[in-house]
Amino acid sequence: MAWFKKNKQPKAPITGEDRTVIPEGLWVKCDSCKEIIYRKEVLARANVCPKCNYHFRISARERLAALFDNGIYEELDLGIVATDPLRFTDTKPYKDRLKQYREKTGMEDAVINAAGRMGGSPVVISAMEYAFMGGSMGSVVGEKIALNVERALERRHPLIVISASGGARMQEGVLSLMQMAKISSLLGKLDDASIPYLSILTDPTTGGVTASFAMLGDLNIAEPRALIGFAGPRVIEQTIRQKLPEGFQRSEFLLEHGMVDLIFERKEMREKLITCLRLLMDPVPAEPALPAGS
Amino acid sequence: MASMEEQDFEKPIEDLTRRIEELSGFGAQQGREREIKKLQDRLQRLREEIYAKLTPWQATLVARHPQRPYPADYIETLFTDFIEFHGDRKFADDPAILAGFAMFHETPVAVIGHQKGRDTKEKIRRNFGMPRPEGYRKALRIMKMAEKFGRPVLTFIDTPGAYPGIGAEERGQAEAIAVNLREMSRLKVPIIVTITGEGGSGGALALGVGDHIQILAHSIYAVISPEGCAAILWKSNEKKQEAARALKLTAPDLKKLGIVDEIVPEPPGGAHAHRERMFEILERVLQRNLESLRSRDMADLLAGRHAKFRAMGSVKIL
Ligand SMILES: [Zn+2]
């Protein structure tokens, strides 16, 4: 079993195509308010801009570390990797892309499964990694989230899924699409079993991920100003041939239209989730304490 | 250019059809009947040849063929006493989805299908078969009613996809699709899904969870349209043919990948070339599958439906 301690220092930031992840250097420019801010100040505020409250994208590991008690969790379902079932090649073979993202992120695919405790109660969490191919959902993401739903069912522990995804992974074709049905079907069982499922929607959550598990939480909870939608804003603009209104498809827009229950700031996320879980489910009797650290 | 040829594969069929029509137009001259018969045989062989080796892009064009029978045509022909029900009881009625109850032989069933619209006016009214959230919610309402009254559900898929619009997002397009996936997976009546044309991503899947998934031989089912895929991955609309190939969206590929249970054969030249024949074929297939599903125990049926989707995907365990 692999135990992870909370990182004393956040991992090296991901650079490249993802501009909103905090870049390296002493100073950073906020993507939202364009202010130049002292990097340490942003990190001290859980990667939130001190000037405008913009929530920078953070990694799946940082999210897990921030949610579990003492940042300690067990990583599960390691060693499940993509197979390139379509032998897909666009401008580059899918196999090469996978390799590139594995090296870049140090992850096997775009989701981490974890179990641990929050507020002393056991909980299972799947956290998506946007830096891995835009958090796209192929068979591995589908399989791992399915395994965590089954784990939640079996153990009768609440499930949290943290979404950060551009949607289904095109390189696995219709197999990616079917992951939506696969996970939604399992969430139906979790629902029948009255086990809480909290869906956390972070920037961005779009496409097939939104149109399946991300919208099926007992509670759908968003981070401030996250882009959340089915169709991407560019596709909509091209279709309707007009500019989209300010704030369209942002968390606050979804709250206003009744699609999410709550918006939690990152710094209050953990405590508020613990409260929500307590309100939904009686605490599980205490088990022997978890081993401390690795 | 190869791409033009790929686009114009039906041209030889059209040319020959025109020649036969021209010949038939004249008075019955001697020897002409024999000539026509010969040409008709040739036309049949030509159709068989061309349709036996459609490329994925050509299959896409056939799946979208403007004369291809639409779900409404199957509903009208294969069923009796169809009564269309309207509205999601929340916001509106979405004409991009047809839903109601009908008799299939001696069995009352719920029938639900996308509808693209045939002429320009109808296309606009039906939004080219691209549903908004209320369409999916109407579909689910009818399915729940089918469950309540113990009626099997037959869905027919033919859509470019769910509509990407401001109102659709405001009213929860994603939520509507997601809820359908979850609810169809546990609906306590048999569900047969038939992809009759274009299976466009989540907008198709939202009617696509069932016990038996079947696809007409020249239909397609994909996570994104070849055009959309080309634009995103190749950054070029010219690459739609390559994208169609890469996506593995044809019926034989889908069968291999375990997405569909059965390929329903189409007459040579495609469903649009012999509509009556297509209706007969699908009617028999539906009858056989409905009979077999109705004889199953419900717990068994639900377990099988769940297991089918649980198994979809391809991963390697290190
Ligand atoms: Zn800022």
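Restricting the search to strands (runs of 3 or more DSSP E) fully inside the range B:50-144 and requiring at least 3 residues that are surrounded by 23 or more Cβ atoms within 10 Å (Cβ to Cβ) gives B:97-104, B:107-114.
Pairs needed: first member in the range A:44-73, within 14 Å of another protein chain (Cβ to nearest Cβ) and more than 15 Å from the ligand (Cβ to nearest atom); second member anywhere, open to solvent by 10 Å² or more (accessible area, probe 1.4 Å) and part of a loop (DSSP other than H, G, I, E, B); C-beta distance under 8 Å; at least 6 residues apart or different chains. Correct list of pairs: empty, since none qualify. In the range B:86-110, what count of residues is obtained for those that are within 15 Å of residue B:151 (Cα to Cα) and not polar (S, T, N, Q)? Of the residues in that region, 11 qualify. Exactly one residue out of B:266, B:283 is surrounded by 15 or more Cβ atoms within 10 Å (Cβ to Cβ), charged (D, E, K, R), away from every other protein chain (no Cβ under 14 Å) and not in a helix (DSSP H, G or I), and it is B:266.
Within the range A:240-255, residues that are under 15 Å from residue A:206 (Cα atoms) sit with their Cβ atoms under 6 Å from residues that are open to solvent by less than 70 Å² (accessible area, probe 1.4 Å) and assigned to a loop (DSSP other than H, G, I, E, B), at 6+ positions apart or across chains, in these pairs: A:249/A:229; A:251/A:224; A:251/A:226; A:253/A:247; A:254/A:260.
Is it fair to say residue A:225 is out of contact with any Phe, Trp or Tyr (no Cβ under 9 Å at 6 or more places or on another chain) and of a type outside the set (Ser, Thr, Tyr)?
no
Candidates are the residues of the range A:136-152 that are touching a strand residue (DSSP E or B) at 6+ places or on another chain (Cβ under 7 Å) and not hydrophobic (A, V, I, L, M, F, W, C); the one that is surrounded by the most Cβ atoms within 10 Å (Cβ to Cβ) is A:138. Could you tell me whether any residue of the range A:113-128 is touching a strand residue (DSSP E or B) at 6+ places or on another chain (Cβ under 9 Å), crowded, with 22+ Cβ neighbours inside 10 Å and within 12 Å of another protein chain (Cβ to nearest Cβ)? The answer is no; no qualifying residue exists. Of all residues being of a type in the set (A, V, I, L, M) and either closer than 20 Å to residue A:223 by Cα or in contact with an Asp or Glu (Cβ under 9 Å, 6 or more places away or on another chain) (or both) in the range A:22-43, which is nearest to the ligand (Cβ to nearest atom)? Just the residue, please. Top of the filtered list is A:42. Yes or no: residue A:201 open to solvent by less than 10 Å² (accessible area, probe 1.4 Å) and under 15 Å from residue B:206 (Cα atoms)? When the stated conditions are applied, residue A:201 does not pass them. All conditions but one from (1) farther than 27 Å from residue B:267 by Cβ; (2) open to solvent by less than 10 Å² (accessible area, probe 1.4 Å); (3) not charged (D, E, K, R) apply to residue B:179; the one that does not is (2).
Taking the criterion of being surrounded by fewer than 20 Cβ atoms within 10 Å (Cβ to Cβ) and more than 11 Å from chain A (Cβ to nearest Cβ), the residues of the range B:218-243 that qualify are B:227, B:237, B:238, B:241. Taken together, the criteria place residue A:225 among residues that are away from chain B (no Cβ under 12 Å) and touching a Ser or Thr at 6+ places or on another chain (Cβ under 7 Å).
Could you give me the residue pairs with C-beta distances under 7 Å whose first residue belongs to the range A:24-35 and is open to solvent by less than 40 Å² (accessible area, probe 1.4 Å), whose second residue is near the ligand (Cβ under 9 Å from one of its atoms) and among the charged types (D, E, K, R) wherever it lies, and which are 6+ apart or on separate chains? Every condition considered, the pairs that remain are A:30/A:51.
Residues in the range A:237-263 that are of a type outside the set (A, V, I, L, M, F, W, C), at the interface with another protein chain (Cβ under 7 Å from one of its Cβ atoms) and at negative phi: A:239, A:257. Scanning the range A:1-49 for residues that are closer than 16 Å to residue A:105 by Cβ, at pLDDT 55 or above and in a strand (DSSP E or B) returns a single hit, A:21.
The values are calculated or read from the model by the stated rules, or taken from the named source; none is laboratory data. Just so it is clear, the model here is predicted, and its values are computed rather than measured. Reconstructed Cβ throughout: ideal geometry from the backbone, glycine too, with neighbour counts over all protein chains shown. The area values use the complete protein model at the heavy-atom level, side chains included, leaving out ligands, DNA and RNA. Shrake-Rupley method; radii C 1.70, N 1.55, O 1.52, S 1.80 Å.
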